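> My structure is below; once you've seen it, I'll send some questions.
Readers should treat all values here as calculations from the given coordinates under stated rules, not as data from a laboratory. Since the model is a prediction, treat every value here as computed from it, not as a measurement. Here the Cβ positions follow ideal geometry from the backbone for every residue, glycine too, while neighbour counts run over all protein chains shown.
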Amino acid sequence: MSKPERTGDLRLELMTFEDVSTALRSGFDTVVVPCGAVEQHGPHLPLCMDADHAEALANLVSRRLGRTLIAPTIRVGCSSHHLTFPGTISIRPETFEAMCSDYCASLVRHGFSRIIFFSGHIGNFPVLRDMLPRLRRSVGKSARIDAFVDSEAWLTAWREAVADAGGDPAAVGGHADIAETSLMMKIRPDSVRTDRFEPGHIGLLSPDQLDLMWKNGISSVTRNGIIGDPRGSTVAIGESCLERIAGLLVDAFKA
Ligand SMILES: [Zn+2]
């Protein structure tokens, strides 16, 4: 039996039940739940981009929050607007909510008193925002449930992080762009098809274009599935983005 701080691994699924019991007794009262997506990310990134990103963030966030374990990643998310691209797997909002609710029920039963959701896939944000009051009601006073759902703050942090590391903030569009591509060059470098970088939709999406995207799918605003531009991506930009978003999440969850 070993304490998680001794093994250095905070991932619940790699621990034994005795490890978890020891962690709970020594004050590990919080669990982060990384949420992702398995969806198209342009011609140059693998479908697992957002799930991998969420896991990398969970590793940093849990250590910085302290006394925090990491739940198994909910790798597939709400990606119906990406289904026109082959390979994308999408779960319905009610499926996602049922999973989050069942995670909460299980974790609360073991005695964790704080459960934190965040997502590497911005498309999950509105779904998390919508379900949060119901998740909170479902556990009552036995635990505090939080979720990070501020997509504007996320995109602003990416623009700042890209600029800080010498990249062009105008290349940030939020999907398979300079931020996500650089992140993947850091997290899973072999998966990035560096010979297939090409610009996608550039510039902010108008309310009409956003409407069109939610209604008819992302291919109605971008032919290649990219929003933003992956050109100019570097590992240094990836490190900067990872660090900046981890800081954003930790600040939000410490508040
Ligand atoms: Zn993504």
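> For a quick check of your reading of the filter: which trypsin sites (Lys or Arg not before Pro) in segment 150-255 sit in a DSSP loop and have no more than 16 other Cβ atoms within 10 Å?
193, 223, 231
> Among the aspartates and glutamates, which have Cα under 19 Å from the Cα of residue 186 when same-chain residues fewer than 8 positions away are ignored?
By straight Cα distance, residue 186 reaches 50, 52, 55, 160, 164, 168, 177, 195, 229, 239, 243.
> I need to check one value: relative contact order of segment 40-114, counting alpha carbon pairs closer than 8 Å and at least 6 residues apart, in percent.
Value for segment 40-114: 24 percent.
> While we're looking at this one, here's another question. Counting Lys and Arg as +1 and Asp and Glu as -1, each charge on the Cβ, what is the dipole of the chain about the Cα centre in debye, to the nearest 20?
The calculation lands at about 860 debye.
> Among 250, 187, 124, which residue has its Cα positioned farthest towards the positive end of the charge dipole of the chain, with +1 placed on the Cβ of Lys and Arg, -1 on the Cβ of Asp and Glu, and the dipole taken about the Cα centre?
Toward the positive end, the furthest listed residue is 250.
> Hey, what number do you get for the chain at 222 nm if only DSSP H runs of n ≥ 4 count, each worth -39500 (n - 2.57), divided across all residues, to the nearest 500?
Helices in the chain give a 222 nm mean residue ellipticity of -14500 deg cm²/dmol.
> Right, here's the next one. Roughly what % antiparallel, to the nearest 5, for the DSSP beta bridges in segment 4-254?
Roughly 20 percent of the beta bridges in segment 4-254 run antiparallel, per DSSP.
> How high is the relative contact order of segment 126-215, in percent, counting Cα pairs under 8 Å that sit 6 or more residues apart?
17
> Rounded to the nearest whole Å³, what is the per residue volume of the convex hull around the Cα atoms of segment 4-254?
Enclosed volume per residue, from the Cα hull, is 119 Å³.
> Can you give me the relative contact order of segment 4-254 as a percent, contacts being Cα pairs under 8 Å and 6 or more apart?
22
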